[in-house]
Amino acid sequence: MIKGNFIIKLRILLWAGLALIVFLLFYFAVIPGGRIGYKTDFQDNNFFIRKLNPPERIAQPNEGESKIIGNPVYFYLRTPRRFNIAEMTIKYKTNGNLPIIEAGVLADKNTWKYAIKPVENNIIGRLLPAWSVINEDGHALFQREKKFNTLNDFLNNFPARSEVAVYNYGKPLPDNFIISSYDNSEARETKLDYPLIGSWEFYTYIKNEELDFSFDFLDLNKENGEDPINLYLYYKGKAIDKKNYSDDGIFWPAGEIKEKGLLKFKLADLPEGIYKIELKAGNDIITKSIATKQKIISFANKINLAKSGDIVGNKNTAINIFTDSRILNFQSVNPSGLQKIKIENDGIDIANTYEQYQYKTASATSEIILEKDGLTISGDGVFSFTRENLINPEITKVNENFVLENNPVNYILADYNQPKEEDGWKIAKINFDLTGAYREFNKYTFLISIPGLDPVDEIDDYVKIKEIRFDLEGTSLLEKIKKLRIKN
Amino acid sequence: MPFINEKFTIICKEIFYVLTGALLIFSIMEIAFSGIVSAYININYVLIFWIFFAILILVNNDKN
């Protein structure tokens, strides 16, 4: 006979074990302390840090390493709850000439904007032994020849903008962009009627005049989901006005083109200076036209020209675009956008849809002549429809196209730490602010960008990743309860 | 060896009951909060153990 005592003891033991497992599962879901770490070596499927994608940009995993051969690659970080800060530690090795490696977290899904942070910048890395460096509170000032002793000294005696370059520098600079020759006393309304797809941002200049913009929008309703329109006006990096339209109520791809009407910015008594207007919208939103009394409109980094035939009837007229970008990228997703493009005295043939074509120019300003629209042009500078309207208020960035030789830049401001080396592996730590990051289905989307890595070229260049670790920090349970009590 | 056999059957039954409870609780938890269990435990393995103990109990019952 088995004693009843034994059965009760066994039952208590087993059910207590299950209760403990359930408690631990809830504990790791709530994370009451607000801190947790996840890591992967990519050997197995990790629930929290998913595999790098797309597979065609990754060589077969070898001895637990993920070898990146194309740019960019993406991965998800799955978390049971929201966090405020993420410290990403990446252990990697590089082969080949890769000037810059960056990582980013998706901040806005509509515009596919990533908050990018540096992993390794070899252009700055090469300066370290030769240039004088001042490090203050995580900010670094590199000087070709030592002239300033502190960062404040430099900011208070800010040199000519042509002498300064920045990299991942988040703080506003004292530099005030003024065009002394600017005159718009005979202002008259002009209309830019080149339909533009989705998001864009452009610079304009105001001097003793009213800021007057009128935007005409269409909703194509071709893609799933809502199509909100958000327009922002920025001055010195701060949003000073905002206009928006909510969705027209058609969330499904009905293909029914709807006029959204006009959105206007009309502001008087603005101080002289450069202003930026940004549209945040999905690819269903078309900016049919922009009417303005301002003289200058310079688009930053990208012009995405819609196929006008779908929207305002076929134009089939040549379009002249001016840019200060040294590296230009062209892409058409529409067969009607395929064409031969003239750039200065040269040209490029856009022969296939979805293929990205690159053109390098040495000119400070280039003229691009398009046969027709239906094409995306991007670069590291600004774009304008007239040469005299081309202004670039941005201070030079130390990106992959930055060349130090024969460059007037004498000072570089950067928030950057060179990765450490351990057993032949480089270790970089990157901090991300997750409060503004986009999170869907409990996942944050991350990107690793390595400009120059091409899986189809014959160069044996790659980045081997040994390990990625995330240390996450968020609100603790106690803090949450305290906040709720204060609210009530 | 009737005593060992009896003790073994009781242990098997108790484990089977706990595994039944675990399957039920884990399923409800997973439906309510996606990923809460599957992040750490593969429920398929729990199901395999549950079937294994069910077979053991049935074989033992047949012998008796």
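The values are calculated or read from the model by the stated rules, or taken from the named source; none is laboratory data. Not measured: the values here are computed from a predicted model. Every residue, glycine as well, gets a Cβ built from its backbone with ideal geometry; the counts of neighbours run over all protein chains shown.
Hey, any hits in segment A:8-17 for a residue that's surrounded by 17 or more Cβ atoms within 10 Å (Cβ to Cβ), over 16 Å from A:F470 (Cα atoms) and within 14 Å of another protein chain (Cβ to nearest Cβ)? So far as segment A:8-17 goes, yes, one or more of its residues are surrounded by 17 or more Cβ atoms within 10 Å (Cβ to Cβ), over 16 Å from A:F470 (Cα atoms) and within 14 Å of another protein chain (Cβ to nearest Cβ). Counting only strands (runs of 3 or more DSSP E) that sit wholly inside segment A:18-130, those with at least 1 residues that are in contact with a Leu (Cβ under 8 Å, 6 or more places away or on another chain) and within 14 Å of another protein chain (Cβ to nearest Cβ) are A:35-40. Among the residues of segment A:26-50, those that are crowded, with 16+ Cβ neighbours inside 10 Å and charged (D, E, K, R) comprise A:D41, A:R50. Does A:D183 satisfy being in a loop (DSSP other than H, G, I, E, B), in contact with a Phe, Trp or Tyr (Cβ under 6 Å, 6 or more places away or on another chain) and modelled with pLDDT under 90? No; evaluated as a whole, the condition is false for this residue.
Quick check, is A:A187 within 30 Å of A:A306 (Cα to Cα) and loosely packed, with under 14 Cβ neighbours inside 10 Å? In short, no. Filtering B:I48, B:I55, B:I28, B:I10 for residues that are among the hydrophobic types (A, V, I, L, M, F, W, C) and either touching a residue at least 12 places away in the same chain (Cβ under 8 Å) or within 23 Å of A:F26 (Cα to Cα) (or both) leaves a single hit, B:I28.
Anything in segment A:449-471 that is part of a strand (DSSP E or B) and not hydroxyl-bearing (S, T, Y)? List them, or say none. The answer is A:V463, A:K464, A:I465, A:K466, A:E467, A:I468, A:R469, A:F470, A:D471.
Being more than 30 Å from A:T445 (Cβ to Cβ) and either in contact with a helix residue (DSSP H, G or I) (Cβ under 8 Å, 6 or more places away or on another chain) or without any contact (Cβ under 8 Å) to a residue 40 or more places away in the chain (or both) is a property that does not hold for A:S162. Summed over segment A:320-364, the residues that are surrounded by fewer than 16 Cβ atoms within 10 Å (Cβ to Cβ) and either touching a helix residue (DSSP H, G or I) at 6+ places or on another chain (Cβ under 7 Å) or over 29 Å from A:P455 (Cα atoms) (or both) give a count of 6.
B:K63 meets the stated requirement of being surrounded by fewer than 14 Cβ atoms within 10 Å (Cβ to Cβ) and more than 8 Å from chain A (Cβ to nearest Cβ).
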